[in-house]
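> Take this structure, written in C-alpha cells, and hold onto it; I'll ask about it next.
The values are calculated or read from the model by the stated rules, or taken from the named source; none is laboratory data. Nothing here was measured: the structure is a model prediction, and the numbers come from that model. Neighbour counts are summed over all protein chains in view; Cβ atoms, including those assigned to glycine, are modelled from backbone coordinates with ideal geometry.
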Amino acid sequence: MNDIWWSLPLTVLVFLAARRLAASVRISVCNPLLIAVAVIIPLLLLLQMPYTRYFQGSAWLNQLLQPAVVALALPLYEQMHQIRARWKSIISICFIGSLTAMISGTAIALWLGATPQIAATLLPKSVTTPIAMAVSATLGGIPAISAVCVLIAGVLGAVFGHMLLNLLRIRSKSARGLAIGSASHALGTARAAEVDYQEGAFSSLALVLCGIITSLLAPFIFPLLLKLCG
C-alpha cells in the first residue's frame, strides 16, 4: 500500500482545523502551526511512519516557503509612504535587532561550552529559513539544525511575542511589527498580519532587512564572538 499520498491532505486538513480552533479560542498559545505539529508527530509515531517518507508526499509545501516570503512584499508596498518617512529609524532598529539576535544566542551557547559548529548553527536563528540555512553553511554550522532553531524561534515569537509587547505596554503598530519581524521572522510576521495589517507590513519589512543585515554581518560577527567567548 502506498502510504505517501495521504501525507499532503493530512497536513492541509490538520492545519486548517488548527487554524479554525485558534480562531475560535483566540488564545496565543493555540498557534495553528504548533497545534498541527503536536497532532502530526504523535500520529506518525503511532503509524511508525518515518519522517522522510511522510515528507516525500508533501515536499512541495516546503517549496512554497520562498514564494510565501516574497508575498509578504505586498503589505510592505502598501505601507511604503510610512516607510519613506521613517527609513532612518527603521534601518537602525533592524540593525540593532539583528546584532542582538546574532550575539545573544551565539555568546550564550559559547559560554555554556558549545562547539564552534553548534554556535554557528544557532547564530542565524532569527532570520527566515532559506537565509538561515545559507548563513549556517557558510559559517560551518549544520543547516538542518539551523532550520529547527528558526522554527522554534518563530513559534515562540508567534505565541508569546504579542503577550510580551502588551506587558511592556508597547502600543505603536510600527514598533510592534518591527520587533516581531526582527525576532521571529516569517512565523511571527504571519501572526502579526493576523492581529493587525499594519503590524504585518512592518514585520515583513523587518524580516527582509534583518535577513540582509544578518547575511552581510554574520561572517564578521562570528569570528569576533569566537575570540571573545572562546
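> Name the helices (runs of 4 or more DSSP H) wholly inside the stretch 48-114 in which the number of residues that are aliphatic (A, V, I, L, M) is 1 or more.
59-63, 65-71, 73-78, 80-85, 87-111
> Here's another thing I want to ask about it. Taking ALA120, is it part of a helix (DSSP H, G or I) and not aromatic (Phe, Trp, Tyr)?
For ALA120, the condition - part of a helix (DSSP H, G or I) and not aromatic (Phe, Trp, Tyr) - is met.
> Would you point out the residue of the stretch 196-220, among those that are loosely packed, with under 15 Cβ neighbours inside 10 Å and under 14 Å from CYS94 (Cα atoms), that is modelled with the lowest pLDDT?
Looking at the filtered set, the residue picked out is ILE212.
> On to the next question. Is it the case that ARG19 is among the basic types (Lys, Arg), part of a helix (DSSP H, G or I), at pLDDT 75 or above and in contact with a helix residue (DSSP H, G or I) (Cβ under 6 Å, 6 or more places away or on another chain)?
yes
> Please state which of the following conditions ILE93 fails to meet, knowing it meets all the rest: (1) closer than 19 Å to SER184 by Cβ; (2) surrounded by fewer than 19 Cβ atoms within 10 Å (Cβ to Cβ); (3) aliphatic (A, V, I, L, M); (4) more than 16 Å from the chain's Cα centre (by Cα).
Result: ILE93 fails condition (2) only.
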